[in-house]
Structure formats: C-alpha cells, structure tokens
Amino acid sequence: MANTATIEINGQKQEFPLIEGTEKEVAIDIKALRAATGGFITLDPGYKNTGSCESGITFLDGEKGILRYRGYTIEELAEKADFLEVAFLLIFGELPTKEQLDKFHEDIKKNSIVDEDVKKILDAFPKAAHPMGVLSSLTSALTAFNPSSVDVDSEEDMYNSVVRILGKFPVLVAWAMRKKSGMPLDYGDKNLGYVENILKMMFKKPNEEYVQNKILVDALDKLLILHADHEQNCSTSTVRIVGSSHAGLFASISAGISALWGPLHGGANQAVLEMLEAIKEDGGDTKKYMAKAKDKADPFRLMGFGHRVYKNFDPRAKIIKVAADEVLGDLGIEDPILNIAKGLEQEALNDDYFVKRKLYPNVDFYSGIIYRAMEIPTDMFTVMFALGRLPGWIAQWREMRLRKEPIGRPRQLYTGATKRAFVSINKR
Ligand code: CMC
C-alpha cells in the first residue's frame, strides 16, 4: 500500500502521509494541509469522515459489529467483568489486579460525600425538571465545591479528580431521582459494592431495610458496562473538546451530560420507551408506525433504530436483547411493551426501507425495557446511560490531557454576506 495520499489543486500536487492504526485502519494525515495548500480546509459536517484524535481506548468496527475496550471484546467483558473493573480498564489501560481494584474502590468510597450545600442547589430546581438537566448542573456545581479539581496538571491531580467524580456522581444520580419522587436524600453505604450501592441509594425507602436483588445488580452491572465507552461519539467528543481548553474534569463531564441528553444520542432510550408506550396506547399497530417512520413528510423516526457507525448490527443491542428476556423472565414480568418491541424489530429487519439504509436496533432499543422492569422512572433512563458512560468520558479526557492534545478548534467555510456598509435604523 502507498504510504502517502496526493491532493492536486490547480495543477499543484501535495503529498500527505497515511497513518495506520493497530487494527489496520488508515487515515490521511492532513495536519499540514493549510500550510501546504495556502489555506485550503476540508469540509465534513457531522464529522462523518474526520478523525479528531488518535486513541487507544475503544475500537469499534461498524461493518463487522465489533466493540472492544482496550482490546477486550464487549461480549467477554459483559459476561466476566464487573463495572468497576471495566472503569479501571478504560481509564488506566489494563485490567486491575485485586489489590489495584480494592484500592481504587477504597479511594472512590473516601470521595463519595457530596457537600451538604449541594442539596440547596437541588432544592431550587422545580420538581418537573428533567433529571439530565439537574445532573448536568449539579456536576458542574461540583467544580465550585472542589476547586483543586480544576487546575490538574500532574497524574496525581488527575487521579484525585477521577476518584472524586466516580465517588460523587452516583450520589447526584440518586439524589436527582429521589428529589423528584419526594424521597429523602442519603449517601449510601460504604460497605457495599459500587453497583449495589447505586441501587440502594436510588431505591432505599426511609421506613424499611433495602434488600439487594442479585438479578437487578447483575443486570445493572451489565447495562453500565455496555454503555461505558463508545469512542468519539457526540458526548465524548464534547468532553474532549471542552477539556481541551483545560477546563476541569467536572465541567467537561457536565458538558458531556448535556450532549448525551439529546434524543438522537442518549436521550433515545427514553424516547424508545415513550414510543413503545404510544404504540401500545394506539392499539399496538406497529405497521402504522413503520409507515410513519418511512414517510419523509413525517418527522417521526423509529427511535432505537440506526447508528452512525454500526451498519450491520450493534453488538450491544444483541447482548441487551438477551438480557431483557432474562431479566423479565427472572423477575416474572410479562411486559406487553417487550412484545411490541420484538414485533417492530421483526418488521424493520424485513422492510426494504430499513434494510437498504442499514438501520438495525441500537443499544437503546432494549435497554429501556430492562430499566422499566427495574422500576427506574422513564426520565431517568438517560441518566443511567450517563452513569455508565462516566468511565469512558473520564478515560477519554485523561487520554487527551496526557497526550497534550491542542485545544479543539475546527475551521468553517464562511457562506454569509460579504462586506457591506452599515445601514442606520431609520433607513432599514
Ligand atoms: N427511523 C427512520 N429513518 C431513519 C432512522 C430511523 N430511526 N435513522 C435513520 N433513518 C434514515 C434517514 O431518514 C436517512 O434516510 P434518507 O437516506 O432517505 O435521507 C437515512 O436513514 C440515513 O440517516 P442519517 O440521519 O443520515 O444517519 P446518521 O448516521 O446521521 O444518524 C442516528 C444516525 C442514530 C442519529 C439516526 O439513525 C437516528 O436518528 N436514529 C434514531 C435515534 C436513536 O435511536 N439514537 C440512538 C443512537 S445509539 C446510542 C447513542 O450512541 O447515543
């Protein structure tokens, strides 16, 4: 294979190096493009063809449906690892030894207290506020309560910020949910595992003991692992670009939460369930909704279908579909919504419109069904996605800082008015 690509502009040829990744993917290195061509830029809205960084964290192959964290397959990690192990793997690059994992967990637990004054901020939100907005604001507010996490230069500073956010974030998640349902806030239990503690913080009632349900712990563990990283998606790119200005970790993560909130990204899991419920209320006519999704005059899209990168299947969706069946079976739940979801999937997989455009169920299609079985309110689904994605955001932020990446600052092709004279207000 050639090791350069040639661009010819107005008869002038310029060569640009090709860079090969460890999985044999190839990129044209255009770092010198503007200098070599006298100011030409590339134009790629939505970054469909643009690599923003080199990264050693997550590999995915959309054609083959492959997803690996640090070289380990998502299938193996979902089956054999727990969420905290995966978090360590993503952030620090290797699976932890037992000692490393214990220390990591201890450090997280030591940092799991949130300043009582944060409750005053939480109190100021209306009850109807969406928990993603609340979570993003409270995460940003953590900066004010932990000023030493802003100016991080050394690896030690970074480590301290990492364990701080991993300790406090689940507390904020639980508080956002409990506040909405009128439950008192608490700080969980240091003696529990990371995921067990999250469930207890979310669901413990003030007048009874919380009893752990292994089925729920395992299901949540798996869901969080499946969501833990997905290379340069919208929210992760946001975290990297905000962090590239050397804004602190909490501010960067807060921005990532806002990006994740949108229905085309993490907000899709909430949208999927609302869509399935609407179909059920409407008599369960999946064909009608298939037709709406295909009608270009109708803004309706089949939520939970399609992916920017996966064009054959989403490996996470495969695992989640099986998990949804298991969890509902184990809990003895008959959910008509699951049947509507399966029917819709079958129709889409056999429909020309979806087949031609390579639209398959994505990670969000079945996750909401499990969250619902766990009695997590629908508007908390995207918050659960954020909880899972947290280690990925942290890992990407840390990698970006350690590699001393420059500030993110894309170019544009200006298409507005050319220079014109100011017109005074009485002449407009
Ligand atoms: N229902 C109906 N048509 C669709 C859908 C859908 N869900 N998704 C894409 N299309 C059509 C789209 O109208 C377009 O058709 P045409 O070529 O005739 O104009 C074609 O498929 C390509 O779509 P696109 O919007 O250009 O594709 P994209 O790569 O820019 O967008 C996507 C990917 C995920 C935003 C999109 O498929 C979508 O909106 N899906 C529904 C929302 C969703 O489930 N999002 C969760 C993504 S996975 C979790 C995550 O990463 O956050």
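Taken together, Glu405, Glu399, Glu375 contain a single residue that is assigned to a loop (DSSP other than H, G, I, E, B), open to solvent by 10 Å² or more (accessible area, probe 1.4 Å) and in contact with a Ser or Thr (Cβ under 9 Å, 6 or more places away or on another chain), which is Glu405. For Tyr289, the criteria (1) modelled with pLDDT under 95; (2) under 26 Å from Ala81 (Cα atoms); (3) surrounded by fewer than 24 Cβ atoms within 10 Å (Cβ to Cβ); (4) not basic (Lys, Arg) hold in every case but one, which is (2).
Scanning the stretch 222-239 for residues that are charged (D, E, K, R) and surrounded by 23 or more Cβ atoms within 10 Å (Cβ to Cβ), we see that the one that is nearest to Leu89 (Cα to Cα) is Asp229.
For the stretch 350-368, the criterion of being away from the ligand (no atom under 12 Å from the Cβ) and modelled with pLDDT under 90 is met by none of the residues. Within the stretch 255-271, being more than 10 Å from the ligand (Cβ to nearest atom) and open to solvent by less than 10 Å² (accessible area, probe 1.4 Å) holds for Gly256, Ile257. Under the condition of being over 27 Å from Asn233 (Cβ atoms), touching a Gly at 6+ places or on another chain (Cβ under 9 Å) and either within 16 Å of the ligand (Cβ to nearest atom) or hydrophobic (A, V, I, L, M, F, W, C) (or both), the residues counted in the stretch 285-341 number 2. Scanning the stretch 272-284 for residues that are touching a residue at least 60 places away in the same chain (Cβ under 8 Å), among the aliphatic types (A, V, I, L, M) and within 13 Å of the ligand (Cβ to nearest atom) turns up Val272, Leu273, Leu276.
Among strands (runs of 3 or more DSSP E) entirely within the stretch 1-115, having at least 2 residues that are over 26 Å from the mean Cα position of the chain (by Cα) singles out 4-9, 12-20.
Just checking, does the stretch 169-184 include any residue being open to solvent by less than 30 Å² (accessible area, probe 1.4 Å), assigned to a loop (DSSP other than H, G, I, E, B) and closer than 21 Å to Ser254 by Cα? No, there is no match, as no residue in the stretch 169-184 is open to solvent by less than 30 Å² (accessible area, probe 1.4 Å), assigned to a loop (DSSP other than H, G, I, E, B) and closer than 21 Å to Ser254 by Cα.
The values are calculated or read from the model by the stated rules, or taken from the named source; none is laboratory data. Here the structure is a predicted model, which is why all the values come from computation and not from measurement. Note that each Cβ is placed from the backbone with ideal geometry, even for glycine, and that neighbours are counted across all protein chains shown. All accessible areas refer to the heavy atoms of the entire protein, side chains included, with ligands and DNA or RNA removed. Shrake-Rupley method; radii C 1.70, N 1.55, O 1.52, S 1.80 Å.
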